[in-house]
Each structure stands twice: as C-alpha cells, then as structure tokens.
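See below for the structure under consideration.
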C-alpha cells in the first residue's frame, strides 16, 4: 500500500476504535458504487451507525469521516482506476492485513446492500462472481503470524483482485439502467 494511505488509516484506527477503518472504507466504496446520489451528510449518518453504540461523532471524527468520503469518492472517480482498499501498511503482520481484507469485504457487501445495489442495475456475471468471492474472503482468516514470500504474493494478488472487482461493480452499476420493481413482469 502506498505510504500516502497510512496516516489516514492510523488516524481512523485511533479515533474510531473499535470500528475498523478497512470496514468503514469498504462500506463507503459499496455505498458510492450503489448509490450515485450519496452525499456527505448521508455518508456521515451511515458511518455514525458503525461507531460504538450511543456515541455521537465529535467534530474531529466528523472531519475525518468527511475526509474519508472525499478520499473514497476521488479514488472511485480517478480516471486511472487507482482505487484500492484502505488497509494497514505492508509492514504490518500479514495476519492483521488479511483480517483487514476480510472486514473490508464485509463493509463493501454491507455498503452495496445499504445502497440497494439490486435496484441500481444489472450486474455482469463477472461482477456477481466477484461478490461471491468477496463474501468468501470476508469469512477467511489467516492462521499464522509467520508469512512467507508465497503468502505475501497471494495477499497482493487478492488486494489487486478486490481492486479490479470493485471497479467492475462500479462500471456495471453506472452503465446499466435502474431496475423498476413497480411494474409487473
């Protein structure tokens, strides 16, 4: 992960404990893909629901959540397709990074559901397969703190797969017509 992500991930980790920044970023990515009209205030309401019970976001947390919104929206709108899950630094133990991948996938799937993805348009078979894979990744854990080169390579490949899959979902939902459930078929 590029070093520019790390300060945001660290600040989110400290301020949002016990909420995981990777899960929050996944939620945001799912919402941004599924809900073309998502604005900053609706994002804040969704994000606040993920924080600890009965905790009203303080001004520094609100500001950080808004920065995360701007960051996520800019990533998904980048013409070079540079979106990437917000994850711990590559120096973090592989177990921690793999766990963050899982919770990022949980957040993504939850965000797509909250954004009513199924009403937004038709997904390609590849995107539907990606969603099944993301659900599997969300359930998988990593059992050791010792990671070899093959483990690191596999991790990097999964991160890239998630990045590309997210772009597929976004493209499918942006380029298909919303489904009309009010008409009988």
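The values are calculated or read from the model by the stated rules, or taken from the named source; none is laboratory data. Predicted, not measured: the structure shown is a model, and the values here were computed from it. Neighbour counts run over all protein chains shown; Cβ positions are idealised from the backbone, glycine included.
Of the residues that make up region 38-60, is at least one crowded, with 16+ Cβ neighbours inside 10 Å, modelled with pLDDT of 85 or more, in contact with a helix residue (DSSP H, G or I) (Cβ under 6 Å, 6 or more places away or on another chain) and not in a helix (DSSP H, G or I)?
yes
So, residue 137, is that one in contact (Cβ under 8 Å) with a residue 12 or more places away in the chain, surrounded by 14 or more Cβ atoms within 10 Å (Cβ to Cβ), farther than 12 Å from residue 30 by Cβ and under 16 Å from the mean Cα position of the chain (by Cα) or not?
Working: in contact (Cβ under 8 Å) with a residue 12 or more places away in the chain: yes; surrounded by 14 or more Cβ atoms within 10 Å (Cβ to Cβ): yes; farther than 12 Å from residue 30 by Cβ: yes; under 16 Å from the mean Cα position of the chain (by Cα): yes.
Taking the combined requirement at face value, the residue satisfies it.
Is it true that residue 126 is under 23 Å from residue 39 (Cα atoms) and either assigned to a helix (DSSP H, G or I) or modelled with pLDDT of 90 or more (or both)? Steps first, answer last, please.
On the way: under 23 Å from residue 39 (Cα atoms): no; either assigned to a helix (DSSP H, G or I) or modelled with pLDDT of 90 or more (or both): yes.
Against the criterion (under 23 Å from residue 39 (Cα atoms) and either assigned to a helix (DSSP H, G or I) or modelled with pLDDT of 90 or more (or both)), residue 126 does not qualify.
Go through region 70-92 and count every residue that is surrounded by 15 or more Cβ atoms within 10 Å (Cβ to Cβ) and part of a helix (DSSP H, G or I).
5
Can you spot a residue in region 93-100 that is surrounded by 17 or more Cβ atoms within 10 Å (Cβ to Cβ), in contact (Cβ under 8 Å) with a residue 12 or more places away in the chain, out of contact with any strand residue (DSSP E or B) (no Cβ under 7 Å at 6 or more places or on another chain) and farther than 14 Å from residue 155 by Cα? Quick ask: steps written out before the conclusion?
Of the residues in region 93-100, the ones surrounded by 17 or more Cβ atoms within 10 Å (Cβ to Cβ) are 94, 97-100.
Pick out the ones that are also in contact (Cβ under 8 Å) with a residue 12 or more places away in the chain and you get 94, 97-100.
Filter again for out of contact with any strand residue (DSSP E or B) (no Cβ under 7 Å at 6 or more places or on another chain), leaving 94, 97-100.
Then drop every residue that is not farther than 14 Å from residue 155 by Cα, which leaves none.
Looking through region 93-100, none of the residues is surrounded by 17 or more Cβ atoms within 10 Å (Cβ to Cβ), in contact (Cβ under 8 Å) with a residue 12 or more places away in the chain, out of contact with any strand residue (DSSP E or B) (no Cβ under 7 Å at 6 or more places or on another chain) and farther than 14 Å from residue 155 by Cα.
Just to be sure I understand, how many residues within region 107-123 are surrounded by 20 or more Cβ atoms within 10 Å (Cβ to Cβ), under 14 Å from the mean Cα position of the chain (by Cα) and outside any loop (DSSP other than H, G, I, E, B)?
4
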